[in-house]
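Presented below is the structure to which this report refers.
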Amino acid sequence: MSMRKTALLVLPAVLLLLSACSPSNSEPADDLLAASVAATLAASSSPTPVQPTPSATQPTPERTLWMSYDSGGDQIWVLGDGAAYQRSLPVSVGEFYGYAQATNRILMAAEWGDHGAGPGNVAVSDLAVLDLDAGQVTKLLEDNVVEAQWAPDGRSIAYILATPETYELHWRSADGSDRILASGVSFTWSISPTGEAVAFTRETGYEIAIDPGLYLVQVASGEELKLSDVDKSGTGSIADRPVWSADGSQLLLSHWGGPGLARMAYSRSDGSQSFDLGLEGEGAIRRTDVAIPALLWYPDGQHLLGIQSFEIGQDPMDPGPYSVVRYRLDLDQQALVERTQVGETYAIIDWAVPGYSLWVFDAGTITEYVLN
């Protein structure tokens with residue numbers, strides 16, 4: 001059975017060469033699904049913050065909930081209440097796909113994918129929504145779901161469904177209507193910040209006849225556009241998803257693991273520009289020189305942040321911490337320029353306050369890391 005992709009947003013390069021994580025046999029009992037989530041959260045003991053509450057002069061992160069995609073279980077991180085701490089859920093999550101702040105719901109699989117489906121025999125499971133206010137879990141699909149994501153509105157859902165012939169990208173609206181957006185898709189994908197489009201890859205290695213590359217499909221019309229010919233060949237991790245600028249006008253996709261040259265594919269979401277980025281003074285990005293496995297856009301759409309987990313002279317098995325670097329995107333040079341180190345850490349989860357601070361994973365806990 002083919003594996004699924006690993007889970008933290010930014011991981012050391014050696015982990016990015018893995019295409020997935022091993023399945024588990026966690027099978028929460030059905031009678032737990034009706035447990036009162038809201039009551040349990042309210043009754044939880046007072047958390048022990050891992051960092052003091054920011055002062056009034058500092059921007060405060062919006063509250064969110066997070067757990068590693070592949071960790072599962074009944075412990076979830078609460079981020080943004082002036083600290084990061086863990087709370088218990090009465091329902092064991094098989095796979096965590098995301099939290100929707102707008103509706104206070106968790107998108108998940110109730111069971112870990114322990115069997116394969118589709119031409120590539122990729123691990124699949126169910127699809128469910130945990131409503132924290134109502135204390136209810138609703139199972140949307142019983143099986144054959146590879147991955148899923150919330151739309152920005154916290155109501156619609158995109159997911160990938162395995163069929164005997166292919167893998168389909170579906171859009172499920174808040175009213176329950178369901179339609180296919182694209183077929184022959186792979187599992188490196190993301191929804192635009194506006195919710196109007198989905199970027200996805202088609203990759204060799206999944207026993208499907210496809211034209212490899214990075215694609216974009218409009219949710220409303222189903223119109224499809226090829227943006228790049230990059231072929232990830234089934235390698236990488238969730239960190240390698242297409243990364244959107246805040247306004248949805250630009251996309252980046254990093255390709256570091258597997259066969260072929262290391263590439264960082266840049267595209268305008270309207271298809272007007274598409275090229276591979278280089279590094280200032282070095283030309284094309286070479287896997288043997290540097291690894292920046294994933295990037296985050298600054299709100300201005302002109303700067304990017306990444307964790308540089310390998311560079312010349314560094315032991316590739318170095319456990320870290322790694323440099324957190326900021327670049328300016330120079331479209332005229334088609335390069336990342338003005339490299340500036342703004343901190344160091346082991347792994348990045350996501351922005352806490354975009355452009356100001358990060359949620360980082362360090363020594364088994366999560367903290368808010370304010371950039372230099």
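A cut-off of 5 Å between modelled amide H atoms, ignoring neighbours fewer than 5 places along the same chain, links Asp362 with Thr367.
Compared with the direct C-alpha span, the chain from Asp211 to Glu280 gains 21.7 nm at full extension, assuming 0.36 nm per residue. The gain in end-to-end length when the Ser183 to Thr163 segment is fully stretched comes to 6.2 nm, 0.36 nm per residue minus the alpha carbon separation. Counting other Cβ atoms within 10 Å as a rough exposure proxy, the listed residues Phe200, Phe275, Phe187, Phe361 run Phe275, Phe361, Phe187, Phe200 from fewest neighbours to most.
Given R0 = 25 Å, the distance between the Cβ atoms of Leu331 and Glu196 translates into a calculated FRET efficiency of 0.65. Paramagnetic label reach from Leu140 (point 7 Å along Cα→Cβ; backbone nitrogen cut-off under 13 Å): within region 91-119, residues 97-100, 105-110.
Using only Cα atoms, locate the centre of region 329-372 and the centre of region 138-166, then give the distance between them in Å, rounded to an integer. The two parts, judged by their Cα centres, are 30 Å apart. Here the simple spin-label model places points 7 Å from the Cα toward Cβ, and for Asn121 and Thr365 these points are separated by 4.4 nm.
Bear in mind that the values in this text are calculations on the coordinates, not laboratory data. Source: prediction; values computed, not measured. Heads up, the Cβs are rebuilt from the backbone with ideal geometry, glycines too, and the neighbour counts pull from every protein chain shown.
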